[in-house]
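J.: First the structure, which I've put down as structure tokens, then a few questions once you've had a look.
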Amino acid sequence: MYYFELYQIPVSFLPDIASIKRQYFVLSKQYHPDFYSNTSPEKQAEILALSTQVNKAYAVLTDMDKRMRYILMEAGYLKEEEKFILPQDFLMEMMDINEKLMEVQMDGDKDASAAIKNEITQLEESLYQDILPTLQNFDINSLNPDIMLSIKTYYFKRKYLLRLLEQVDGGGE
């Protein structure tokens, strides 16, 4: 997993963000193009590419959703533009929330909008608490398909809930 190797940290869904930030400053300085202005064009291009990778890696490693997507993709458990089918019980629960959301958007009721937002936020927090032990104990050297599927399911559930929150924020104003 190149980004983790670049930052010299273990592959983890829950890395030490402070370590990532410290390493970012080290790598940014090490691969800053201005320090290589008197080198060959080839070396300048190499350093520019490394500097770009340092920045991309930082953006991924410091964002939980991007980091989770990156690990799942690199491990072969997620494909680009994959259409993942969420569990039926989750979809039924989301259908109820979507109905409430449509009513709120039609009525423009700020209190009801806040209540739905709270419900979605609590659901997201509950999902996170359920997956947290799995994320904490993750070991890239012993990939278990069932564990990876549970993480992938969490990833897609979270994406769904975040989209709903965007609708609440956009439709409840």
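FYI, it's all coordinate maths here, none of it is from the lab. As the structure is a prediction and not an experimental result, all values here were calculated from the model. Neighbour counts are summed over all protein chains in view; Cβ atoms, including those assigned to glycine, are modelled from backbone coordinates with ideal geometry.
J.: State which residue pairs qualify: first residue under 15 Å from Tyr2 (Cα atoms) and without any contact (Cβ under 8 Å) to a residue 12 or more places away in the chain and inside region 61-83, second residue crowded, with 19+ Cβ neighbours inside 10 Å and among the polar types (S, T, N, Q) in any location, beta carbons under 9 Å apart, and separation of 6 or more residues or different chains.
T.: Every condition considered, no pair remains.
J.: May I ask you to list the residues in region 131-153 that are under 18 Å from Phe90 (Cα atoms) and touching a Ser or Thr at 6+ places or on another chain (Cβ under 8 Å)?
T.: Ile131, Ser150, Ile151
J.: So which of Gln8, Gln23 is under 16 Å from Thr62 (Cβ atoms), surrounded by 13 or more Cβ atoms within 10 Å (Cβ to Cβ) and within 22 Å of the chain's Cα centre (by Cα)?
T.: Within the list Gln8, Gln23, the selection yields Gln23.
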